[in-house]
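Shown next, in structure tokens, is the structure this report addresses.
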Amino acid sequence: MYIGVEETHYEYRPRLIIWQLTSAGDLSGMQNAVLSQHECLLILDSIARFAKPIVVFTGPDITSRTDLHKIVSYGNTLGLKTIVEVKPDQLTANLAEQFHQFGSRVFRLTIDGCIDEDGEMRFKQTPSYLKLEGAVKLLREKKFEIHFSVKIDQPNLRKLGYYLDYAFRCNAQGLYCHLSFDKSIPEVAVGDGFSHSLDEFIGSISDMKYLVPNDMYFSPQCVKYIPYSVGDNGFDFSHSEHPRWIHCCLAGKSFAYIAEDGKVYMCSTRCKECGDLRENNYDFKRLWSSASILNLLRSYQRTCVQTRLLFKEHNILFNNHDVMINNLMEIKQ
Ligand code: SF4
């Protein structure tokens with residue numbers, strides 16, 4: 001499926017920024033690798049002067065940042081909607097009380113690794129599952145809404161179905177999916193009598209939306225679904241049935257990812273660095289507007305697979321739009 005619809009040019013502004021505040025790696029010997037509180041506030045300032053996106057703070061052991069409350073508070077003061085993603089075992093009564101001032105939706109529980117299917121109990125009663133149950137209970141007691149996030153690093157619909165089932169049974173208001181397919185995940189997998197693609201997987205997520213109540217949010221964070229009608233031009237489906245919805249990658253259009261060291265990427269997988277906020281005087285607008293990769297993504301609407309192939313298989317000249325389009329068309333032939 002190739003989406004070849006040229007978009008009307010207008011000023012693109014971020015609507016969702018995923019911002020990892022802590023590092024997963026060993027930082028010994030890497031002084032100043034992680035943005036300081038002062039640097040974070042400068043970036044928040046520049047974001048708020050430019051747009052009013054939702055900013056989702058995430059990262060391993062995020063609550064170990066003693067300045068987390070100050071950072072979230074500053075974002076709120078600037079009028080940004082801020083969310084903090086925490087693992088179930090990081091949520092304490094004390095943290096819940098501290099952050100309640102930011103509203104009942106400030107927390108998202110990351111449920112990666114907490115849900116495993118079980119033939120008898122539906123969900124395996126593992127220690128991480130029980131911690132999740134405890135965290136949900138705590139959120140309820142403290143009058144928070146229940147929101148979950150999950151990292152999708154494999155196109156595994158069955159696993160996602162169990163996450164969704166759990167969210168539904170908790171009467172959650174949202175399950176937010178971070179698409180995070182590693183480079184090693186094939187865009188299209190072909191086997192004995194089958195073929196499927198990441199795009200089909202993302203399309204199947206939109207079909208699952210019909211299973212959840214209207215007031216429950218369930219979607220990948222970096223795509224938007226748009227309705228498709230048979231009369232539309234420019235589509236080539238590998239299946240006989242056409243989808244009711246197609247998705248477009250939002251990278252560079254309204255989605256960005258900031259890493260703990262201030263580098264900006266188009267995608268949560270950090271597949272393409274777009275620039276460094278430290279080298280741009282912490283000016284998010286300048287980086288967002290001038291990064292050649294982000295500008296390249298704005299010219300056309302592409303699916304996830306098209307976007308990945310654009311960067312993965314072809315050595316594109318980022319400042320040569322015609323070469324890019326020709327290469328992309330060749331991929332589809
Ligand atoms: S390529 Fe686009 S749609 Fe795919 S995971 Fe990255 S940001 Fe999301």
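The values are calculated or read from the model by the stated rules, or taken from the named source; none is laboratory data. All of these numbers come straight from a predicted model, not from anything done at the bench. These area figures cover heavy atoms from the full protein model, side chains too; ligands, DNA and RNA do not enter into them. Shrake-Rupley method; radii C 1.70, N 1.55, O 1.52, S 1.80 Å.
The fraction of accessible area contributed by carbon and sulfur in region 120-218 is 51 percent, rounded to a whole number (1.4 Å probe; ligands and nucleic acids excluded). Summarising the amide proton neighbourhood of GLY174: residues at separation of 5 or more, or on other chains, whose placed amide H is nearer than 5 Å comprise PHE148, TYR217. According to the Cα-based calculation, Rg over Rh for region 38-119 is 1.03, with Rh computed by the Kirkwood formula.
Between LYS263 and LEU277, the built amide H atoms are under 5 Å apart, and every one of these is 5 or more places off in sequence or on another chain. Backbone amide hydrogens, once placed in the peptide plane, bring PHE107 within less than 5 Å of VAL84, excluding anything fewer than 5 places away on its chain.
Along region 96-104 the Karplus relation, 6.51 cos²θ - 1.76 cosθ + 1.60 evaluated at θ = phi - 60°, assigns HN-Hα couplings of 4, 5, 4, 8, 4, 4, 8, x, 7 Hz to successive residues, with x for each Gly and Pro. Along region 176-186 the Karplus relation, 6.51 cos²θ - 1.76 cosθ + 1.60 evaluated at θ = phi - 60°, assigns HN-Hα couplings of 9, 9, 9, 5, 8, 6, 4, 4, 6, 6, x Hz to successive residues, with x for each Gly and Pro. In sequence order, region 279-292 has phi-based couplings of 7, 10, 6, 6, 9, 5, 4, 4, 5, 4, 7, 9, 5, 5 Hz under the Karplus curve 6.51 cos²θ - 1.76 cosθ + 1.60, θ = phi - 60°, and Gly or Pro positions carry x. The mean accessible area for residues of region 107-156, using a 1.4 Å probe and ignoring ligands and nucleic acids, is 52 Å² per residue. Taking 0.36 nm per residue of separation and subtracting the Cα-Cα distance, full extension of the segment from LYS142 to GLN125 would add 3.7 nm.
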